[in-house]
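Trainee: A single structure is presented below for examination.
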Amino acid sequence: MDDTPRNYIFANLNQKGTDELLAIWKKHDQNEWTEQSFDIIREILEARQVAIPQPGEPGAESTEYRFPAGVDVPTDAGELEQRIKDHETQLLKVKSRKTATLVALIVGSVAMLLLVCPRDLKYGNPCFMIMGGIVLLYVGLNAWRLYRHVEKEKQIQTELDSYRVKEAELRAFWEAYW
């Protein structure tokens, strides 16, 4: 796919559900969306064979695209580009930590199980029970760390996607008016 702003906006809008696109179309908030975005929304709705109401029709829901809660909206292009770079860097760090945690979980668990299972230990032996508990604790803590990394990765990816959509809209606006 071509990397033009129009194609980027199309790809992001095409991922939205029909109801959400209709709500954006009905509200027709030109402070939030560019005219090019509305043209693309019309094109997507027509391709989905949806009856397209008049823009600004009453009863429109306010489900238009917004930045996630807690995300500070950038005010200029330089700041927006910097945030995209920062979030991409954070995303790489989180993925690296996630991989390291997964490796530690697997290698550590195997190593601890080899320590717990010497041939002369019996299942009723207190040493076996203690080592088994330590293995379970180790596995549980690393699984929790892995879960936290996955959740952080989702949060960063959501914010990054928001910034990229906003960047594409700003680029389309600049191209249309300058």
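Trainee: Scan the range 139-162 and give yes if some residue there is assigned to a helix (DSSP H, G or I), under 30 Å from N7 (Cβ atoms) and among the aromatic types (F, W, Y), otherwise no.
Mentor: The answer is no; no qualifying residue exists.
Matching residues to (1) at pLDDT 85 or above; (2) loosely packed, with under 13 Cβ neighbours inside 10 Å; (3) of a type in the set (A, V, I, L, M):
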{"residue": "V73", "(1), (2), (3)": "no, yes, yes"}
{"residue": "D76", "(1), (2), (3)": "no, yes, no"}
{"residue": "E81", "(1), (2), (3)": "no, no, no"}
{"residue": "V103", "(1), (2), (3)": "yes, yes, yes"}
{"residue": "V110", "(1), (2), (3)": "no, yes, yes"}
{"residue": "L113", "(1), (2), (3)": "no, no, yes"}
{"residue": "P118", "(1), (2), (3)": "no, yes, no"}
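Trainee: Okay, moving on. Can you tell me which residue in the range 153-176 is surrounded by the most Cβ atoms within 10 Å (Cβ to Cβ), limited to those that are in contact with a Leu (Cβ under 9 Å, 6 or more places away or on another chain) and not aromatic (F, W, Y)?
Mentor: Selected residue: I156.
The values are calculated or read from the model by the stated rules, or taken from the named source; none is laboratory data. These numbers were taken from a predicted model, which means no experiment stands behind them. When we count neighbours, we look across all protein chains shown, and the Cβ atoms used for this are built from the backbone with ideal geometry, even at glycine.
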